[in-house]
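Structure first, commentary second.
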Amino acid sequence: MKTSRIFKLNLSCLVLWVCLLVSGICANAQQTMHVETKTFHNPDFPFDREIFICTPQNYDENTQSEVDVVYVFDSHWRSHFALTYGILGECQNPYEDDIPFIVVGIPSPASEEYCRTNDFLPVPTNVTYQSMYYGNYENFKKFIREDVMPYINSKYRTSGHTLAIGHSLSASFILNALSSEDMFDDYIALSPNFMEDNNKFADDFLNYDFNNGKPRFMFLTMTNESEETGMGPNWRPAWDMVKSKMESATLPETIKMFFKEYPEYTHNSCYAHCLMDILPIYGMYRHNTYFADSEKHPVHIELECPWAEGDVFITGNQDVVTTWDPKGVKMNKVGDHTYAIDLNVQLPMEFKFTQGSWETQIAPTNAYPGNLRIFTADNNVKHYVAK
């Protein structure tokens, strides 16, 4: 039986999250997010490149938590960058279990000599035309892959999980980055141009193997490009071809793919509406656990809790820690107030500490609330403190 993993979005989600956003802004008025700027000197570009990095609230205090990274292209429009980290920040409101995000803004220049199309468009292979505004695509991809991502992963506590957000040609770019080298984990592509180079972008996306075992979240949109914005007669047919073939495809259970059309909005006015629709749903998606593979990795976990009396247990998302039985696996007492355990686990591991029941949970103060997480084998030693 053919099964499609294409999901329709509900307008009520948008209404709900608008209300939450407004109430959250009032509740968090005294809190600020920290934004940094980093400048890169790269010989592949005739200018220095900047990126913007926004860390989540309480990032410095929660030293035992790793954070997902969201890459926002076209961040020379600062509203794209600010809107993304604002909505993602508010996505935490309904949960006792926080999924924080680092948001990285990637601007492109806007000059007569170099603009965003130089970054996002490869040299065409199916058509012949001359332009100064394409062709640095491979260098830009290399800049993201070899400069930006290693810098973020070395300077910040990252989970290893990434989301890319692009609009128009930057949406085409991120989908090409999926097809060519699997650069990111999840993708939000708003109004991607599939018709470029005689539909090559569409063909490359359709030829990608979604049965490779990797969980993915995909959201693709279209507005009224063909009807009102003069984008050309081939914009819509290329989109329709991709949407039709993917909606009829048999996709794995771990592929969550959304297509949505916004005919009431123009090409440039859809950005906020699309993100308000999808980012809360993406936040909920990241609360699910998808094991990368069946391999097990050693972890060492310690808990320092001066007020704990009696035994301390660990329980979590797999059999080795009794799959959320609150009286899980007993930890070893290795000091007056310190408990420890060594385990071999699947990653990502999610867990909690208890004293035998959900009513006696122990919540560390140096990690984000909710499920504690170990994402990668590189960050497999944890020392939590409950004051």
Filter segment 199-217 down to the residues that are of a type in the set (Phe, Trp, Tyr) and over 17 Å from Trp235 (Cβ atoms), then identify the one that is surrounded by the fewest Cβ atoms within 10 Å (Cβ to Cβ).
Tyr208
Scan segment 85-101 and give yes if some residue there is within 21 Å of Gly160 (Cβ to Cβ) and in a strand (DSSP E or B), otherwise no.
yes
Are there any pairs, at least 6 apart or on different chains, whose C-beta atoms fall under 6 Å, with the first in segment 114-125 and among the polar types (S, T, N, Q) and the second buried (at least 17 other Cβ atoms within 10 Å of the Cβ) and part of a loop (DSSP other than H, G, I, E, B), and if so, which?
Thr117/Tyr134; Asn118/Asn136
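Filtering segment 288-303 down to residues that are among the charged types (D, E, K, R) and open to solvent by 70 Å² or more (accessible area, probe 1.4 Å), which residue is nearest to Lys352 (Cα to Cα)? Give the steps one after another, and end with the answer.
To start, the set of residues in segment 288-303 that are among the charged types (D, E, K, R) comprises 293, 295-296, 302.
Next cut, open to solvent by 70 Å² or more (accessible area, probe 1.4 Å) only: 293, 295-296.
Values: Asp293: 22, Glu295: 22, Lys296: 19 Å.
Once the filter is applied, the top-ranked residue is Lys296.
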Segment 180-198, residues that are within 21 Å of Cys270 (Cβ to Cβ) and open to solvent by 20 Å² or more (accessible area, probe 1.4 Å)
Met195, Glu196
Evaluation of Ser170 against (1) in a helix (DSSP H, G or I); (2) open to solvent by 50 Å² or more (accessible area, probe 1.4 Å); (3) at pLDDT 90 or above (one fails), failing number:
(2)
Residue ID - modelled with the highest pLDDT, chosen from residues in segment 225-242 that are in contact with a Phe, Trp or Tyr (Cβ under 7 Å, 6 or more places away or on another chain) and closer than 22 Å to Ala272 by Cα
Trp239
For segment 104-153, which positions are acidic (Asp, Glu), closer than 23 Å to Arg78 by Cα and either part of a helix (DSSP H, G or I) or modelled with pLDDT of 95 or more (or both)?
Asp119, Asp147
Considering each of Ser12, Ser23, Ser65 in turn, give the residue that is small (Gly, Ala, Ser) and at pLDDT 50 or above.
Ser65
How many residues does segment 344-381 contain that are among the hydrophobic types (A, V, I, L, M, F, W, C) and within 17 Å of Asp311 (Cβ to Cβ)?
4
Ile314 passes all but one of (1) out of contact with any helix residue (DSSP H, G or I) (no Cβ under 7 Å at 6 or more places or on another chain); (2) over 21 Å from His161 (Cα atoms); which number fails?
(1)
Turns out the helices (runs of 4 or more DSSP H) fully within segment 179-262 with at least 1 residues that are closer than 30 Å to Asp293 by Cβ are 196-206, 235-247
Pairs returned, first residue in segment 102-113 that is farther than 21 Å from Leu279 by Cα, second residue that is open to solvent by less than 20 Å² (accessible area, probe 1.4 Å) and assigned to a strand (DSSP E or B), beta-carbon separation under 8 angstrom, 6 or more apart or interchain, are Ser108/Phe73
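Quick check on segment 39-62: of everything there that is open to solvent by 60 Å² or more (accessible area, probe 1.4 Å) and at pLDDT 90 or above, which residue is farthest from the chain's Cα centre (by Cα)?
Looking only at segment 39-62, we keep the residues that are open to solvent by 60 Å² or more (accessible area, probe 1.4 Å), and these are 41, 43, 46, 48, 50, 58, 60-61.
Within this subset, residues satisfying the condition of being at pLDDT 90 or above are 41, 43, 48, 50, 58, 60-61.
Details: His41: 26, Pro43: 29, Asp48: 26, Glu50: 21, Asn58: 19, Asp60: 20, Glu61: 22 Å.
If we take residues in segment 39-62 being open to solvent by 60 Å² or more (accessible area, probe 1.4 Å) and at pLDDT 90 or above, then Pro43 is farthest from the chain's Cα centre (by Cα).
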Which condition number does Ser294 fail, the rest of (1) within 20 Å of Gly370 (Cα to Cα); (2) in contact (Cβ under 8 Å) with a residue 24 or more places away in the chain being met?
(1)
Can you confirm whether segment 304-324 contains a residue that is surrounded by fewer than 16 Cβ atoms within 10 Å (Cβ to Cβ), touching a strand residue (DSSP E or B) at 6+ places or on another chain (Cβ under 6 Å) and among the aromatic types (Phe, Trp, Tyr)?
yes
Only one of (1) open to solvent by less than 50 Å² (accessible area, probe 1.4 Å); (2) among the acidic types (Asp, Glu); (3) closer than 30 Å to Tyr368 by Cα; (4) touching a residue at least 60 places away in the same chain (Cβ under 8 Å) does not apply to Glu253, and that is (1)
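The values are calculated or read from the model by the stated rules, or taken from the named source; none is laboratory data. These numbers come from a predicted model, not from an experiment. Note that we place each Cβ from the backbone using ideal geometry, even for glycine, and neighbour counts take in every protein chain shown. Only protein heavy atoms, including side chains, enter the accessible area calculation; ligands, DNA and RNA are left aside. Shrake-Rupley method; radii C 1.70, N 1.55, O 1.52, S 1.80 Å.
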